[in-house]
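Here is the structure we will look at, set down as structure tokens.
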Amino acid sequence: MSSVHECPGCGYQYHQDLGDEHEGFAPGTPFDELPEDWVCPDCSVRYKEDFQPLQ
Amino acid sequence: MVKRNMKTYTLATDAGDMSFTDTKRYLWTASLAYALMPFLGIGAHALFGHQAWLALPLFVVYVIGPILDWWLGEDENNPPEEIVPLLEEDSYYRLLPMLTVPLHFASLIGAAYWAGTQALSWWGVLLLAVSAGIANGLGINTGHELGHKKTQLERNLAKIVLAVPAYGHFSIEHNRGHHRDVATPEDPASSRMGESIYKFARREIPGAFRRAWAVEDERLTRKGVSVWSWENEILQSYAVTFALQISLIAAFGWVMIPFLAIHNFLAWWQLTSANYIEHYGLLRQKEPNGKYERCQPHHSWNSNHKYTNLVLFHLERHSDHHAHPTRRYQSLRNFKNVPRLPNGYNGMFPLAYVPPLWFRVMDPRLMALPHIDGELTRVNIDPDKKEALYAKYGVAGLKENLSATEAA
């Protein structure tokens, strides 16, 4: 499972190692464990399933 | 002479040099000037002595604005996609919305000072409150531009400028709520066909607050923090509002209470007006998985009118904004074949305030959009008006259509 996922619309990246402190996702939270109805926190246009794995 | 107003960007490509001249570069300062509108009335009052001059900003917005949009016409030019990164990096454009922030404070404090220190009758105070309210409705527009950006500085400035019209929940509500739910019946900030602006406002204003609070509560709960903490970004902005508006009451007396109430409401009303016209009747379809299709360019109404776009940081190029919300104002593009408004926002707002006229102008436009093509099931309809609208615009198979939806 890739540890970095990118929003194809705005380029926001979710890094598993870093999590997203502002959004309340602790470092180490896998992308898979983000809520199913989660949308990109920067643009809100793209859904979770739109995110592209990077590495 | 003309060249001084422009800047040319050049990019070397395999096919040779590509260049783009931004003819609007320095004209964007109009967005700053508009924030200072109340001073136009105050200056004219000081100069000519009669308080009726305080209505001058209203004349500029509702009479001069629509005339200029009609006269100067539309601008359909787009920067080439390859040049957009150069425009986005240019710090000049980034600076303008930031510089607009203190101007909104100045227009509220200046109008409050004039209302509190001059011998005005009630309608002089009212005109000041209304013109400051309209100027700081533009503060919500400035907050909108800044709140969509990714830098912490711009996001913090959004919270600060939104404090002027007491609308600190806007960034969260708009970015995380409206952009997610736009053009669906679930969105309190997307108007429905047959819904008057007055009915819409009663759904939009409380709905915006409730959704913002719910989104912030969810984020803070995930962080293990109470929603009643200083980490709540809505409360951060409200704290600035409280300090500012209490100071104005302390400085200029009780007249500030009605003055601020009218100012705040008028500012919110500008946003309500914009929300009302930006997605009227447009509807995203549901996909087989139950989720709505991604927001498409045909889910927003647009205007390319030069004047109002220049005073609104290109807000009227709304389709590209919803497709790319983090894109900066200077790079927003016009799309072909998207829903188009017949005038800019300054002309469309007063039309919306007279619902029968609004419906007469907009309902046929809505029905004629290529992706709707007269089919009411592709329209976001006010449930209370469904029957009447089907009777007026419905096509064959109308009865089956209605009973099928009612059965569901």
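Within the stretch A:43-55, the set of residues being within 10 Å of another protein chain (Cβ to nearest Cβ) and in contact with a Pro (Cβ under 8 Å, 6 or more places away or on another chain) comprises A:Cys43, A:Ser44, A:Val45, A:Arg46, A:Asp50.
Going by the structure shown, is A:Ser2 touching a residue at least 40 places away in the same chain (Cβ under 8 Å) and assigned to a loop (DSSP other than H, G, I, E, B)? So A:Ser2 passes the test.
Each residue in the stretch B:137-183 was checked for being closer than 20 Å to A:Cys10 by Cβ, in a helix (DSSP H, G or I) and polar (S, T, N, Q), and 4 of them qualify. Scanning the stretch B:126-153 for residues that are surrounded by fewer than 19 Cβ atoms within 10 Å (Cβ to Cβ) and either within 14 Å of chain A (Cβ to nearest Cβ) or among the basic types (Lys, Arg) (or both) turns up B:Lys150, B:Thr151, B:Gln152. When every residue of the stretch B:114-125 is checked against the conditions, at least one turns out to be surrounded by 24 or more Cβ atoms within 10 Å (Cβ to Cβ) and within 17 Å of B:Met256 (Cα to Cα). Of all the criteria given as (1) surrounded by 15 or more Cβ atoms within 10 Å (Cβ to Cβ); (2) in contact with a strand residue (DSSP E or B) (Cβ under 9 Å, 6 or more places away or on another chain); (3) within 9 Å of chain B (Cβ to nearest Cβ), the one not satisfied by A:Asp37 is (1). Taking (1) open to solvent by less than 30 Å² (accessible area, probe 1.4 Å); (2) in a loop (DSSP other than H, G, I, E, B) in turn, A:Gly11 satisfies each apart from (1). None of A:Gly28, A:Gly11 is more than 9 Å from the chain's Cα centre (by Cα) and either more than 13 Å from chain B (Cβ to nearest Cβ) or more than 26 Å from B:Arg328 (Cα to Cα) (or both) except A:Gly28. Among residues of the stretch B:154-168 being in contact with a helix residue (DSSP H, G or I) (Cβ under 7 Å, 6 or more places away or on another chain) and open to solvent by 10 Å² or more (accessible area, probe 1.4 Å), the one that is farthest from B:Ala251 (Cα to Cα) is B:Arg155. Consider B:Gly281 carefully, then state whether it is within 21 Å of B:Asp69 (Cα to Cα) and surrounded by 23 or more Cβ atoms within 10 Å (Cβ to Cβ). When the stated conditions are applied, B:Gly281 does not pass them.
Per the conditions (1) open to solvent by 40 Å² or more (accessible area, probe 1.4 Å); (2) in a helix (DSSP H, G or I), the sole criterion not satisfied by B:Glu186 is (2).
Residue-by-condition table, conditions (1) touching a residue at least 12 places away in the same chain (Cβ under 8 Å); (2) of a type in the set (Gly, Ala, Ser); (3) touching a helix residue (DSSP H, G or I) at 6+ places or on another chain (Cβ under 8 Å); (4) farther than 20 Å from B:Phe313 by Cα:
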| position | (1), (2), (3), (4) |
| --- | --- |
| B:Gln51 | yes, no, yes, yes |
| B:Leu54 | yes, no, yes, yes |
| B:Val60 | yes, no, yes, no |
| B:Ile64 | no, no, no, no |
| B:Gly73 | yes, yes, yes, no |
| B:Pro79 | yes, no, yes, no |
| B:Tyr92 | yes, no, no, no |
| B:Pro102 | no, no, no, no |
| B:Gly110 | yes, yes, yes, yes |
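Residue-level check: of (1) away from chain A (no Cβ under 14 Å); (2) in contact with a Leu (Cβ under 7 Å, 6 or more places away or on another chain), B:Ser171 misses just (1).
Do the conditions hold for B:Thr184, that is, is it in contact (Cβ under 8 Å) with a residue 60 or more places away in the chain and either in contact with a helix residue (DSSP H, G or I) (Cβ under 8 Å, 6 or more places away or on another chain) or among the hydrophobic types (A, V, I, L, M, F, W, C) (or both)? The answer is no for B:Thr184. Annotation: of all residues in the stretch B:199-223 being facing chain A (nearest Cβ under 8 Å) and of a type outside the set (D, E, K, R), the one that is most open to solvent (accessible area, probe 1.4 Å) is B:Thr221. Would you say B:Arg284 is part of a loop (DSSP other than H, G, I, E, B) and at pLDDT 95 or above? When the stated conditions are applied, B:Arg284 passes them. Just one of (1) away from every other protein chain (no Cβ under 14 Å); (2) open to solvent by 50 Å² or more (accessible area, probe 1.4 Å); (3) of a type in the set (D, E, K, R) fails for B:Lys291. It is (1). For B:Ala261, the criteria (1) of a type in the set (Gly, Ala, Ser); (2) in contact with a His (Cβ under 8 Å, 6 or more places away or on another chain); (3) open to solvent by 50 Å² or more (accessible area, probe 1.4 Å) hold in every case but one, which is (2).
The values are calculated or read from the model by the stated rules, or taken from the named source; none is laboratory data. What you see is a predicted model, and the numbers here were worked out from it, not measured in a lab. All Cβ positions, glycine included, derive from the backbone under ideal geometry; neighbour counts span all protein chains shown. In case anyone asks, the SASA skips ligands and DNA or RNA and just uses the protein heavy atoms, side chains included. Shrake-Rupley method; radii C 1.70, N 1.55, O 1.52, S 1.80 Å.
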